[in-house]
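Any read-out appearing in this document is the output of simple, stated calculations on the displayed coordinates, not a laboratory observation. None of the values given here were measured: they were computed from a predicted structure. Neighbour counts run over all protein chains shown; Cβ positions are idealised from the backbone, glycine included.
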Amino acid sequence: MNNTKKILIANRGVIAIRALRAAKELGYQVASVYSTADKNLKHLKLSDEAICIGPPDSKDSYLNEAAIISAAELANVDGIYPGYGFLSENAEFAEKCKNSGFKFIGPSHEIISLMGDKIQAKNLMRQLGVPVVPGYEGPVESKEQIEDEVKKVGLPVIIKAAAGGGGRGMRIVRELSELWDAIEDAKSEANAAFGSDLVFIERYLEKPRHVEIQVFGDGRGNAVHLFSRDCSLQRKYQKVIEEAPAINIPDEKINEIYQISVNACCELNYEGAGTLEFLYENGEFFFIEMNTRIQVEHTVTEMITGVDLVQAQLELAMNDVYNFDQSKIKINGHAMQCRINAEDPNSFVPSPGRIMQIHRPGGYHVRFESQIYSGYDVPAYYDSLIAEIIVKDLNRDRVLNKMKMALDETVIEGIKTNVDLHRRLVTNDDFREYRHYIKFLEEKMVNDDE
Ligand code: ADP
């Protein structure tokens, strides 16, 4: 009897090769999809099948639901792996997969839809006992009414899109006189980016850290946490360096938030990998959103726990295997990830083009997740993430030294990358001494007036 599972990887780049490796290690068969701009991606050559799903523009390829479902039919797969970005948090697509007879490797479309609306997510989490950022989530009726609401919340506030993602559609308001214009701006940006102009208001925290909790549920009321990550090194609300675990938080406080996060997942019958994102300021946690997918930074959690999260996702979805026991999940050491982007390190403008030469870092507990090779052309159409360097060591100081070494070893010629910026970050005294916060990079490290 042949019981081999077959999946379709509905993504590209770093997460596509990550998923291919995980699936192959489990003995699965893999079909992959690609756009005409991506035919040289390494993982395609290592897949059992590679199916072209359209032209370069994502909306015609990686966001083209019908083309992906057709590829799944053609390849006769059991499940579809969405990765992150693209269709990974698209509830409609998850439902289409299911209705077409394919397992969407992720939570149910109902949960994705719920968490995709940040207003609903906040209300639900509040009911489940999760501390959320204070704010106003009701309707915007008039200038006077909304000014009253903001006075209750207290300035400064941040206007956010209910359907938001990728740091877009957010506006900080420091004076009541700026409020109405900021709401109008946020609404039109949200409408253009997400097709919904629903916005809400939150207290703006000035110097928080971004601390998130990795969870994993079996879909039947059991769930565990895999500790925390700190993703406070950001630019334009996008993570640049991530680490695990988040340090300098009292045990009692972090244990409480682990428990609250797990309870919420149990209540929701959450299935698969997910992340509850919090801001942490003055010793308090405030929930901002839940990501119902694997995240770019899942790797640092894998390094400290020894758990392969992508394999866990695949095995739960494909073979109904859930092997987690909270008492057996332990933290071992400290891990950090630098996101290597094809971009100008000063202007942050994307830098596509041919990689003429690449030298990867190596050594004990040094991991390089990437598809790039000498002669590979980085296409101009997609996110500029081209590689992740992940290291683990006994403690954060050692990790910083090891990351510096790994960055020094890394050579990528032909395109511009942010490797040098990372070198400056990991040797920066404030970062080394853990004095950073979410605006640190923008305020202290780069002259960024884009
Ligand atoms: P997105 O879904 O677009 O990534 P998030 O709600 O996850 O948006 O927020 C992204 C980042 O924006 C956070 O990591 C943080 O840096 C910043 N942010 C969000 N909400 C607040 C807030 N209330 N106060 C201060 N910063 C915030």
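Annotation for residue 411 and residue 446: the two label points, set 7 Å from Cα along the Cα-Cβ direction, are 2.6 nm apart.
Using only the alpha carbon atoms of segment 209-449, find the Kirkwood hydrodynamic radius as the inverse mean reciprocal pair distance, in angstroms to one decimal. Don't skip to the end; give the middle numbers.
On the way: mean 1/r = 0.0536 Å⁻¹.
About 18.7 Å for segment 209-449.
With point charges of +1 on the Cβ of Lys and Arg and -1 on the Cβ of Asp and Glu, referenced to the Cα centre of segment 6-89, which listed residue (77, 43, 10) lies farthest in the positive direction of the dipole? The one lying farthest along the dipole's positive direction is 43. Peptides 252-262, 306-316 ranked from most to least packed give 306-316, 252-262, packing being the mean of other C-beta atoms within 10 angstrom over each peptide's residues.
Translational diffusion coefficient of segment 143-252 at 4 °C, 1.567 mPa s, Stokes-Einstein with Kirkwood Rh over Cα pairs, in µm²/s as a whole number. This corresponds to a translational diffusion coefficient of 80 µm²/s.
Applying Stokes-Einstein at 10 °C and 1.306 mPa s to the Kirkwood radius of segment 134-203, computed over alpha-carbon pairs, gives a translational diffusion coefficient of 136 µm² s⁻¹. For the chain, a crude dipole built from +1 on the beta carbon of Lys and Arg and -1 on the beta carbon of Asp and Glu, taken about the Cα centre, is about 1260 debye to the nearest 20.
Relative contact order (percent) for segment 15-61, with alpha-carbon contacts under 8 angstrom and 6 or more residues of separation? Kindly include the intermediate steps, with their values, before the conclusion.
Working: 57 pairs, mean separation 16.6, N = 47.
Relative contact order here is 35 percent.
Among 285-294, 317-326, the peptide with the highest mean count of other Cβ atoms within 10 Å heads the list, and the full ranking is 285-294, 317-326. Counting only lysines at least 8 places from residue 152 when in the same chain, those with an alpha carbon closer than 25 Å to its own are 118, 122, 143, 160, 187, 207.
Note on segment 17-59: Kirkwood hydrodynamic radius from all Cα pairs is 10.8 Å, rounded to one decimal. In percent, rounded to a whole number, the relative contact order of segment 6-89 is 37, using alpha-carbon pairs under 8 Å and six or more apart. Taking amide hydrogens as placed 1.01 Å from N in the peptide plane, the amide H of residue 417 sits under 5 Å from those of 343, each at least 5 positions away in sequence or on another chain. Taking the helices alone, the chain has a mean residue ellipticity at 222 nm of -9500 deg cm²/dmol, built from -39,500 (n - 2.57) per DSSP H run of at least 4 residues and averaged over all its residues.
Can you tell me what share of the DSSP beta bridges in the chain is antiparallel? A percent to the nearest 5 is fine. Looking only at bridges with both residues in the chain, the antiparallel portion is about 80 percent. Dipole of the chain computed with +1 at Lys/Arg Cβ and -1 at Asp/Glu Cβ about the Cα centre; of 210, 179, 163, farthest Cα towards the positive end is 210.
For the chain, taking Cα atoms only, Rg and Dmax work out to 21.5, 71 Å respectively.
Near residue 440, once Lys and Arg are set to +1 and Asp and Glu to -1 for all other residues with Cβ below 9 Å from its Cβ, the sum equals +1.
Find the relative contact order for the chain and round it to a whole percent, using C-alpha pairs within less than 8 Å whose residues are 6+ positions apart.
Details: 960 pairs, mean separation 62.8, N = 450.
Relative contact order of the chain: 14 percent.
What ranking, highest mean first, results for peptides 87-95, 409-417 when packing means the other Cβ atoms within 10 Å averaged over each residue? List each step's numbers first, then the result.
Values: 87-95: 20.2, 409-417: 18.1.
By packing density, highest mean first, the sequence is 87-95, 409-417.
Charged side chains reduced to their Cβ positions (Lys and Arg at +1, Asp and Glu at -1) give segment 134-203 a dipole of some 300 debye around its Cα centre.
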